[in-house]
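The values are calculated or read from the model by the stated rules, or taken from the named source; none is laboratory data. These figures come from a predicted structure and were not determined experimentally. Here the Cβ is made from the backbone with ideal geometry for all residues, glycine too, and neighbour counts use every protein chain on show. For the accessible areas, the whole protein counts, side chains as well, though only heavy atoms, and no ligand, DNA or RNA atoms are used. Shrake-Rupley method; radii C 1.70, N 1.55, O 1.52, S 1.80 Å.
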Amino acid sequence: MLTDAYARRFSYLRLSVTEICNFRCSYCLPDGNDCDSRSGELTLSEIKHLVTAFARLGTRKVRITGGEPSLRKDLTEIIAICKAVPGIEKVALTTNGYRLKRDVLAWQEAGLDAVNVSVDSLDADTFHLVTGQDKLADILEGIAHAKAIGIKQVKINTVLLKQHNALALPDFLKFVKQQDIALRFIELMRTGDNADFYQRQHLSGASIQQQLLDQGWQLNVKAKTDGPALEYSHADYQGRIGLIMPYSKDFCADCNRLRVSSLGQLYLCLFTDNHQELRSLLQTDNSAPLIRFLQQAVQGKAFSHQLAEDYSGSTRHLAQIGG
């Protein structure tokens with residue numbers, strides 16, 4: 001197993017396959033992409049070698065992220081490669097939903113088990129304002145299609161924004177009342193490029209949490225490969241509500257995930273100052289050197305990020321390594 005100095009075991013890999021995104025979300029890329037890394041993105045062969053090494057070290061879940069991963073024309077092949085690696089039990093995808101309705105069946109046939117779709121508002125005008133795309137109706141149709149064809153797990157990610165969705169909890173609760181779907185509220189995080197925006201828009205998830213508890217929602221038990229969300233359920237609702245609150249006490253205590261960028265760089269934390277280059281170790285079928293490197297590297301993982309001290313490391317924006 002990949003185990004760090006604090007006895008945390010890492011069974012979850014978040015793999016970014018591109019930094020490119022076609023949305024202009026106000027909290028991430030309000031001015032569009034500024035990266036020129038497309039030509040250096042991980043190849044299919046490199047992805048196979050990478051995931052194989054992680055699987056041999058106990059990784060059981062791979063989440064494919066971006067940027068927007070569906071902008072890679074070979075995304076279906078990436079999903080199939082990850083799913084075919086011995087030891088990988090779950091392949092998930094995080095997407096803005098732009099191509100969900102069109103491509104989700106092909107993704108499912110390739111082995112996709114779960115999909116998380118970013119929906120920051122259920123109001124079309126607000127969605128357009130936040131994302132720069134007038135696509136809410138299409139994305140909601142894509143979510144419904146993913147459910148209809150039998151994708152095992154469909155979730156919605158909603159970034160909490162004081163100006164845009166702070167009072168929208170009743171609308172989101174209505175949305176999940178008759179749908180077996182998990183909707184997760186994610187606290188806005190401070191990155192290198194969004195300091196002013198963060199100060200204006202940050203909303204603590206604790207306020208949502210208290211409203212849920214007051215209404216009788218109950219905290220669910222996490223599975224071993226689950227991410228950081230606290231998920232709540234209610235007897236009167238088919239769906240569930242999750243909260244990701246990185247500024248909360250002991251948020252990092254049960255961390256189980258590592259990140260690799262689309263350029264083959266290992267990030268021990270979303271908000272680290274440093275990364276380790278893996279690319280030279282991905283050019284051979286022999287996993288032993290990469291396995292040794294990962295085992296040593298993880299010993300340098302800090303116990304906690306320093307977000308509460310306004311430290312965001314070298315992360316410029318969340319599209320850089322997939323959030």
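Out of (1) surrounded by fewer than 20 Cβ atoms within 10 Å (Cβ to Cβ); (2) touching a residue at least 24 places away in the same chain (Cβ under 8 Å), what's the single condition that is false for residue 167?
Single failed check for residue 167: (2).
Kindly list the number of the only condition in (1) under 23 Å from the mean Cα position of the chain (by Cα); (2) in a loop (DSSP other than H, G, I, E, B) that fails for residue 242.
With (1) under 23 Å from the mean Cα position of the chain (by Cα); (2) in a loop (DSSP other than H, G, I, E, B) applied to residue 242, the lone miss is (2).
Name the residues in region 113-153 that are in contact with a helix residue (DSSP H, G or I) (Cβ under 7 Å, 6 or more places away or on another chain), β-branched (Val, Ile, Thr) and over 11 Å from residue 97 (Cβ atoms), would you?
149, 151
Scan region 207-221 and tell me whether some residue there is at pLDDT 95 or above and within 15 Å of the chain's Cα centre (by Cα).
no
Counting only residues that are among the aliphatic types (A, V, I, L, M) and modelled with pLDDT under 95, which one in region 259-269 is farthest from the chain's Cα centre (by Cα)?
Among those that are among the aliphatic types (A, V, I, L, M) and modelled with pLDDT under 95, it is 263.
Select from region 106-128 the residues that are surrounded by fewer than 16 Cβ atoms within 10 Å (Cβ to Cβ) and either in contact with a strand residue (DSSP E or B) (Cβ under 8 Å, 6 or more places away or on another chain) or aliphatic (A, V, I, L, M) (or both) and list them in ascending order.
Scanning region 106-128 gives 106, 124.
Of the numbered conditions (1) out of contact with any Gly (no Cβ under 9 Å at 6 or more places or on another chain); (2) assigned to a helix (DSSP H, G or I); (3) in contact (Cβ under 8 Å) with a residue 24 or more places away in the chain, residue 143 fails exactly one; give the number of that condition.
(1)
Check 183, 230, 203 and return the single one that is at pLDDT 95 or above and either more than 29 Å from residue 62 (Cα to Cα) or out of contact with any Pro (no Cβ under 6 Å at 6 or more places or on another chain) (or both).
Just one listed residue meets the conditions, 183.
From the list 101, 162, 90, pick out the single residue that is at pLDDT below 95, surrounded by fewer than 21 Cβ atoms within 10 Å (Cβ to Cβ) and charged (D, E, K, R).
Answer to the selection: 162.
Can you tell me how many residues within region 130-157 are over 17 Å from residue 113 (Cα atoms), aliphatic (A, V, I, L, M) and loosely packed, with under 15 Cβ neighbours inside 10 Å?
The total comes to 1.
Among the numbered criteria (1) within 17 Å of residue 114 (Cβ to Cβ); (2) surrounded by 20 or more Cβ atoms within 10 Å (Cβ to Cβ); (3) charged (D, E, K, R), which single criterion is violated by residue 180?
Residue 180 satisfies all of (1) within 17 Å of residue 114 (Cβ to Cβ); (2) surrounded by 20 or more Cβ atoms within 10 Å (Cβ to Cβ); (3) charged (D, E, K, R) except (2).
Only residues that are touching a Cys at 6+ places or on another chain (Cβ under 6 Å) and either modelled with pLDDT of 95 or more or open to solvent by less than 10 Å² (accessible area, probe 1.4 Å) (or both): list them for region 67-87, please.
Listed by number, the list holds a single entry, 68.
Among 174, 224, 249, which is within 30 Å of residue 3 (Cα to Cα), of a type in the set (D, E, K, R), outside any strand (DSSP E or B) and free of Cβ contacts under 8 Å to residues at least 12 places away in the same chain?
249
Checking the condition in contact with a His (Cβ under 6 Å, 6 or more places away or on another chain), under 30 Å from residue 51 (Cβ atoms) and of a type in the set (Lys, Arg), which residue from 152, 101 passes?
101
Does any residue in region 95-121 that is closer than 11 Å to residue 150 by Cα come within less than 6 Å, Cβ to Cβ, of a residue that is assigned to a helix (DSSP H, G or I) and β-branched (Val, Ile, Thr) six or more places away or on a different chain, and which pairs are these?
The qualifying pairs are 112/79.
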